[in-house]
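This report refers to the structure that appears directly beneath it.
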Amino acid sequence: MDALRLEGLHKSFGGKVAADRVDLTVPVGSFFGLVGPNGAGKTTALSMATGLLRPDDGRAQVFGLDVWARPVEAKALIGVLPDGLALPERLTGRELLTFLGQLQRIEPAVLAGRVRELLDVMQLDGAETTLITDYSTGMRKKIGLATALLHGPRLLVLDEPFEAVDPVSAAALKTILTRFVAAGGSVVLSSHVMALVEQLCDTVAVMAEGAVVAAGPLAEVRGDGTLEEAFVRLVGGDVRRWKGLSWLAS
């Protein structure tokens, strides 16, 4: 059984194909990196995989459960951090986690302990009475990850979790995610930062123009070079375009 399996996921908007028959397999216990240029279809594919966007065709399974046929059971196993997550601005971090835990019917005593631990681990304990509207970008990413972890998921799906995050907050997030995988969890990480994916991930997939163009163990996908070099080759980057602008040095 795989942590996540996508089979022929397809989505178009107004005649433009955003995800073109996407097939992906995320092994249990893996740290899986999903990379691709802007507009490659990463966010669309992950949104369909987690039940946030209904596909035109295909299916997504989480630990063998169909996300769209059995949504309640499947979503209980997933923690999601979407790109550009909207948060209730007039709640504190503690209030947000407590409210979400109540919606998920977590026992009060258990919920209180989890909220306390998450605020501590995310280094948000000193800001637990601060309204989210006053949170920095790094704090927003960390409270977003806390909401994804609150119910004890087996799979985390994270879309650009490190974007615009300062180095200290990024280091904390990396440690948390590495520990999650070491404890038996599985992570799908979408990112534009090749060095970050190489540092954290053991498996990777490359998307371009809505389709998966390469997938497998990190060492196989990047070959003898770096992941960035393999990425540029796979998505059709033309380095000759980057040799102009000679007037900038005049």
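A straight chain from ASP166 to GLU117 at 0.36 nm per residue would run longer than the Cα-Cα distance by 15.4 nm. Evaluated over the chain, the count of Lys pairs having alpha-carbon atoms less than 28 Å apart is 13 (only pairs 8 or more residues apart or interchain). For segment 157-243, the fraction of 1.4 Å probe accessible surface lying on carbon and sulfur atoms is 53 percent. In the context of the full set of protein chains, residues of the chain present 50 Å² of accessible surface per residue (probe radius 1.4 Å, heavy atoms only). Helix 93-103 and the longest principal axis of the Cα set of the chain meet at an angle near 80°.
Only helices enter this figure: runs of n ≥ 4 DSSP H residues, each worth -39500 (n - 2.57), summed and divided by the residues of the chain, yield -10000 deg cm²/dmol at 222 nm to the nearest 500. When Rg and the Kirkwood Rh are both derived from Cα coordinates, the Rg/Rh ratio for segment 105-188 amounts to 0.95. Out of every Cα-Cα pair that the chain contains, those further apart than 26 angstrom amount to 43 percent. Taking the Cα atoms only, what angle lies between the long axis of helix 137-149 and the longest principal axis of the chain, rounded to 10 degrees? Value to nearest ten degrees: 70. Relative protection proxy for 139-152, 223-236, from highest mean packing down: 139-152, 223-236 (other beta-carbon atoms within 10 angstrom). Here segment 1-128 is treated as a Stokes sphere of Kirkwood radius computed over C-alpha pairs; at 10 °C and 1.306 mPa s its diffusion coefficient rounds to 95 µm²/s.
Peptide packing for 154-161, 13-20 was compared via the average number of neighbouring C-beta atoms within 10 Å per residue; ordered from the highest value, the list is 154-161, 13-20.
Give the carbon-plus-sulfur fraction of the accessible surface of segment 22-143 in %, rounded to a whole number; probe 1.4 Å, heavy atoms of protein chains only. Walk me through the numbers before you get to the answer.
Numbers: 3080 of 5940 Å².
On segment 22-143, the fraction of accessible area on carbon and sulfur atoms equals 52 percent.
Site pair ARG105 and SER12 shows an inter-label distance of 4.1 nm when each label is modelled 7 Å from Cα along Cα→Cβ. Relative to the 2.2 N^0.38 Å rule of thumb, segment 180-241 has a C-alpha radius of gyration ratio of 1.19. Applying 1/(1 + (r/R0)^6) with r as the Cβ-Cβ distance of ALA219 and ARG59 and R0 = 30 angstrom yields a FRET efficiency of 0.50. Along its first, second and third principal axes, ordered by size, segment 100-245 spans 59, 36, 25 Å in Cα coordinates.
The values are calculated or read from the model by the stated rules, or taken from the named source; none is laboratory data. All values derive from a computational prediction rather than experimental measurement. Please note: Cβ atoms are built from the backbone with ideal geometry, for glycine as well, and neighbour counts cover all protein chains shown. When the accessible area is computed, the model is the full protein with side chains, heavy atoms only, and any ligands, DNA or RNA have been set aside. Shrake-Rupley method; radii C 1.70, N 1.55, O 1.52, S 1.80 Å.
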